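Scroll down for the structure; my scribbles are underneath it.
The values are calculated or read from the model by the stated rules, or taken from the named source; none is laboratory data. Note that the structure is a prediction, hence the values are computed from the model and not measured. A quick note on method: Cβ atoms are made from the backbone with ideal geometry, for glycine too, and the neighbour counts reach across all protein chains shown. Ligands, DNA and RNA are stripped out before the accessible areas are found, and what is left, the full protein with its side chains, is counted by its heavy atoms. Shrake-Rupley method; radii C 1.70, N 1.55, O 1.52, S 1.80 Å.
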Amino acid sequence: MKLHRGFGFGDTSEFDPFLLFDDFRNDRPQDYLRGFPWHPHRGIETITYVLAGSVDHGDSLGNEGSLGAGDVQWMTAGSGIIHQEMPHGDVQGRMHGFQLWANLPASLKMTAPRYQDVAAVEIPTVTDDDGTHVRVVCGEFWGRRGPVEGIAADPQYLDVWVPPNHRKTLPVEVTRHAFAYVFEGSGTFRDASGPRPLKVDDTGDVDNAVYNDARDRSLVLFDRGDQVTVQAGEQGIRFLLVSGRPIEEPVAWYGPIVMNTEAELRQAFQEFRNGTFIK
């Protein structure tokens, strides 16, 4: 499946507690219909947010369902789960969504798996006097709390729209790592890194990845601070604003499994091979 990888499979310290972020945005079915067939996870949480089209999911515990536009699924893989995610386009053939991986601390690596499926109508939207509006998926913002609860990293996950040519300052807790991912319009951020160009990763072959202009699908990482200021461009700007409390533990990571030590990682794959992965 062709997708745009914001970050992942590198130094995890900058984004801790987050590990990987993907934007799967396509309008050609041949680029996304292969989806994410059956695969295991252990030691992490995956957050899937759909904007267009739908994603069918199923797992080894017998859970199944479908995410539509505006819906969110927060899956705690914990001790281990095998699942699949298969995307479908809307009536125009468009598919758009995001997936974020959040790490679990050592004390929760082997917790029981669980899903939180959240329908679009359950996600509160708050609108400021200047027309800025924010969907609060997780965490608390402007007096509203998102429906996703009980996440180890205590994250804040916001979908923010700032109107054309407006400047907006948004609060962020000083103890958190925070990043923004722009997916509509354009703008500039103060007290942040420059926008990073993102690799187009269709087969996992990094050597064949290409780079897009940083103004398209740009990722911005913020320094520690208590606020984020954005100046919207002429078309306005829409972006995800995500922050979380760092776990600050060793990371042993291979493919879809993330543990604290290489020994734990080897054990996980041995259990997967001998059929004892699901607890």
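A few notes on this one:
- The residues of region 256-279 that are in a loop (DSSP other than H, G, I, E, B) and touching a residue at least 40 places away in the same chain (Cβ under 8 Å), listed by number, are PRO256, ASN260, PHE277, ILE278, LYS279.
- If the condition is being touching a residue at least 24 places away in the same chain (Cβ under 8 Å), within 21 Å of GLU271 (Cα to Cα) and open to solvent by 50 Å² or more (accessible area, probe 1.4 Å), then region 92-110 contributes ALA106, LEU108, MET110.
- Verdict on GLY43 being free of Cβ contacts under 8 Å to residues at least 24 places away in the same chain, of a type in the set (Gly, Ala, Ser) and under 29 Å from ARG273 (Cβ atoms): no
- From HIS4, HIS57, residue being modelled with pLDDT of 90 or more and assigned to a strand (DSSP E or B): HIS57
- Pair list, Cβ < 6 Å and 6+ apart or interchain, from region 73-91 residues that are within 13 Å of PRO256 (Cα to Cα) to residues that are of a type in the set (A, V, I, L, M): ALA77/ILE44; GLY78/ALA112; SER79/MET110; GLY80/ILE278
- Filtered residue count, region 171-185, keeping only those that are open to solvent by 20 Å² or more (accessible area, probe 1.4 Å) and either at pLDDT 90 or above or part of a strand (DSSP E or B) (or both): 4
- Of everything in region 254-279 that is in contact with a Pro (Cβ under 9 Å, 6 or more places away or on another chain) and among the small types (Gly, Ala, Ser), the residue that is modelled with the lowest pLDDT is GLY255.
Here is a yes/no grid of residues against (1) in a strand (DSSP E or B); (2) closer than 12 Å to VAL242 by Cβ; (3) open to solvent by 20 Å² or more (accessible area, probe 1.4 Å):
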{"site": "ASP90", "(1), (2), (3)": "no, no, yes"}
{"site": "ALA112", "(1), (2), (3)": "no, no, yes"}
{"site": "TYR115", "(1), (2), (3)": "yes, no, yes"}
{"site": "ASP130", "(1), (2), (3)": "no, no, yes"}
{"site": "GLY150", "(1), (2), (3)": "no, no, yes"}
{"site": "ASP159", "(1), (2), (3)": "yes, yes, no"}
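- Matching entry among GLY43, GLY70, GLY62 (being at pLDDT 95 or above and surrounded by fewer than 19 Cβ atoms within 10 Å (Cβ to Cβ)): GLY70
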